[in-house]
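Visitor: Let me begin by handing over the structure; questions about it come next.
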Amino acid sequence: MEIPLVLASRRDGSLTYAVPLWYRALMALVTALLAAAFVTAGEAPGLVGWVILALAAAAALYEESWRFDAARGLAVHRAGLVIAARRSELSLAGIARFRVEAFVRGTIPGSEDEKAENERVLAGRDGREGELVKRRPFYKKGYLRLICEAADGEDWLVDMVPERRRATILETASRIATYCGKPLERG
């Protein structure tokens, strides 16, 4: 299941790119319904029931977020369970640029096919140009990655989405780059 991250402006002026609140509320509701079903059943659930309950609770507590705060000059990434999320900080001054690049699963790195498929995904083409309609093999699935490139050369993956969400990731990348005062590159 793909959980689309949502970009939001906060009251303090920072930008947050995170798992939406509706997802966490939905998973908390599922956890509560499962727990209520186990209680009303009158007997302890089996191993599968406990595993499903644990997975629903973990999904409700999962956090994936980026917070860009110009006032403090920081980009903060948090990932993991809310109670034990891993936190990484990067100063905005240490960010060289943001980059949106294509990745096509099922291509050989460095090949002409990879280059052509990556260009197609970046350009937003679906392979139906010209007189002949060229069907892509089912195993070639295109993605777009939003990458924060640090001045020291380290790349931070902010998000990776299927190519059908191209417009959304480009708009998000543009807003984040503009907010941070950094250039945005494609490719």
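Throughout, read-outs are computed from the coordinates displayed, never taken from laboratory work. Since the model is a prediction, treat every value here as computed from it, not as a measurement. When we count neighbours, we look across all protein chains shown, and the Cβ atoms used for this are built from the backbone with ideal geometry, even at glycine.
Visitor: Taking only C-alpha pairs under 8 Å that are 6+ residues apart, what is the relative contact order of the chain in percent?
Guide: 19
Visitor: While we're on this one: Given Cβ point charges of +1 (Lys, Arg) and -1 (Asp, Glu) and nothing else, what value in debye, to the nearest 20, does the dipole of the chain about its Cα centre take?
Guide: For this selection, approximately 360 debye.
Visitor: By its C-alpha gyration tensor, with a ≥ b ≥ c as the square roots of the eigenvalues, how is the stretch 6-85 shaped: rounded for a/c under 1.5, else prolate for a/b larger than b/c, else oblate?
Guide: It comes out prolate by the Cα gyration axes.
Visitor: At a threshold of 8 angstrom on Cα-Cα distance, excluding pairs fewer than six apart, so keeping six or more, what relative contact order does the stretch 38-115 reach in percent?
Guide: 17
Visitor: Check the straight Cα-Cα distances from Lys140 and name the aspartates and glutamates below 17 Å, setting aside those fewer than 8 residues away within the same chain.
Guide: Glu101, Glu112, Asp113, Glu114, Glu117, Glu119, Asp126, Glu163
Visitor: How large is the helix-only mean residue ellipticity at 222 nm for the chain, computed as the sum of -39500 (n - 2.57) over DSSP H runs with n ≥ 4, divided by its residue count, in deg cm²/dmol to the nearest 500?
Guide: -11000 deg cm²/dmol
Visitor: While we're on this one: How many Å³ per residue does the convex hull of the Cα positions in the chain occupy? Write down the numbers at each step before the final one.
Guide: Values: hull volume 31.8 nm³, N = 187.
Hull volume normalised by residue count: 170 Å³.
Visitor: Ok, one more. Give me the mean projected area, in nm² to one decimal, of the convex hull enclosing the Cα positions of the stretch 93-186.
Guide: The directionally averaged projection comes out at 6.6 nm².
Visitor: Another question about this same structure. For Ala8 and Val39, what is the calculated FRET efficiency with R₀ set at 41 Å and r taken between the beta-carbons, to the nearest 0.05?
Guide: After rounding, the FRET efficiency stands at 0.70.
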